[in-house]
1. If contacts are Cα pairs under 8 angstrom and at least 6 residues apart, what is the relative contact order of the chain in percent?
2. For a label point 7 angstrom out from the Cα of residue 246 toward its Cβ, which stretches of the range 404-438 have the backbone nitrogen within less than 18 Å?
3. How large is the convex hull of the Cα atoms of the range 195-275 per residue, expressed in Å³ as a whole number?
4. Taking R0 as 22 Å, what's the FRET efficiency between residue 360 and residue 390 from their Cβ-Cβ distance, rounded to 0.05?
5. State, to one decimal in nm, how far the label point of residue 148 lies from the label point of residue 232, with both points 7 Å from Cα in the Cβ direction.
6. Report the calculated FRET efficiency for residue 205 and residue 255 (r = Cβ-Cβ distance, R0 = 22 Å), to the nearest 0.05.
7. D for the range 293-438, whole µm²/s, Stokes-Einstein with Kirkwood Rh over alpha-carbon pairs at 10 °C and 1.306 mPa s: what number?
8. Along the three principal axes, how long is the chain when you take its alpha carbons, biggest first, rounded to the nearest angstrom?
Amino acid sequence: MKNELLKKIKDRSLVAGVIGLGYVGLPLAVEKARSGFKTIGFDVQKKKVDMVNAGSNYIGDVVDSDLSELVQAGMLSATTDFSLLRDIEFIAICVPTPLDVHQEPDISYVRDSAVMISKYLTKGTIVVLESTTYPGTTEELIKPILEKGSGLKCGEDFYLGFSPERVDPGNLVFKTKNTPKVVGAIGKDGAEVISAMYRAVLEGDVYTVSSPAVAEMEKILENTYRNINIGLVNELGRLCYEMGISVWEVIDAAKTKPYGFQAFYPGPGLGGHCIPLDPYYLTWKAREYGFHTTLIENSMVINDGQPEYCVERVMHILNWHKKAINGAKILMLGVAYKQDINDYRESPAIRVWKELKKVKADVEYYDPWVPEFKNMYGESGKSILELTPETVASYDLVIITTAHTNIDYDMVQKNAKVIFDTKNAMKNIKSRKNIEVL
Ligand SMILES: NC(=O)c1ccc[n+]([C@@H]2O[C@H](COP(=O)([O-])OP(=O)(O)OC[C@H]3O[C@@H](n4cnc5c(N)ncnc54)[C@H](O)[C@@H]3O)[C@@H](O)[C@H]2O)c1
């Protein structure tokens, strides 16, 4: 089985499949097709499937012409018909791994995908999970589902592994194609075949580890590392404010050290589908071992408190201007969870929005990337249409919650009554008289 698959990878006769055509899955499907593998994408959302088949792109990190040319050439297609999995020899699972309302891992999308694959799994297939999850998911959850549903044996009839996705939406240098990839599989042969496939598709290095659990834990380490370091600067930021020191200046000074320090910055909280969520997968799993991940949990407490802290600071600033927050007209700049992208999942800006509404502020937002939003917690809103000097001047306070680069910050400074900049987006603006920084 191994040699035949390696041969098919080499001569590009292997057919690839990607389950879940979102921020992770679509770029991956495009790269596979670009490398010469006929690729089929599977999704439960017919709208996305139709768009792919029409050659229309909906993910910022995918180049429009790459997608349309691959579809036209018959190298890439999409479907909601999972029975086509029967013909796929390399299946990558890229479905969501969110939290439920109790902040517990919701692994149902991964489980559903495994059940679906098990129905159509044939001998000589490779299955790889790419979704971020707790250590143990591939061996403890997916393997038994695949073996039970198909009657096939992992390692003998099919290969199974985990390879975390590292996509960083909006990153102009590192994309799916050139980011190194970690692979952990069940058995040496599985690791060899999966690594060979990624080497055939990607330019980045492929680093093989001894098991799927190591790869799963490695991904959580990457994201928890960010979570904790952001927690540290958020906490220091609060202390610096009390002490009359600029935390931003402190970080700029610290980062002159050429080794042993990496700069992280404070902000209104954590956002996106990874950094704020993934540590919860680990803390949940750790409890099975009677273990409390105290450092991680403390950092999440700090980061989760940032939206409320930002609103407290807004309240102070308005007070200095003899204005109550109740009824104050506030313009929020940005609801996306990070700059220059349209993704607002778990965006801390929306938490700030909610907290401002709670204290009866009259809040509106402007985001050229997100014309409207509606999230799973019931919050929704529509961006004001234009950011003009007159509109900016009509608000009691402007709060910057996302550091988009296509905002005329100079104009905002010249016209706003007062600005609370939670991202230090206005650091290059010379006149600081109406700017308060987090
Ligand atoms: N977005 C990121 O920046 C990023 C980075 C690294 C890792 N990840 C991880 O990758 C995984 C996917 O994230 P994403 O951002 O691409 O999510 P996404 O929501 O953008 O895309 C997931 C897709 O899966 C589809 N889907 C859901 N259930 C399905 C099913 N049973 N069968 C087929 N399709 C199904 C959805 O319709 C959606 O199109 C998550 O585990 C996430 O943590 C995301």
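Any read-out appearing in this document is the output of simple, stated calculations on the displayed coordinates, not a laboratory observation. None of the values given here were measured: they were computed from a predicted structure. In this analysis, Cβ positions are derived from the backbone assuming ideal geometry, glycine residues included, and neighbour counts consider all displayed protein chains.
1. Contact order relative to length: 10 percent.
2. Residues passing the 18 Å test: 409-410, 413-414, 419-438.
3. Cα convex hull per residue, to the nearest whole number: 140 Å³.
4. In this case the efficiency is close to 0.30.
5. Output for this residue pair reads 4.3 nm.
6. Efficiency for this residue pair is about 0.25.
7. Value of D from the Cα-based Kirkwood radius: 103 µm²/s.
8. Largest first, the chain extends 74, 50, 42 Å along its Cα principal axes.
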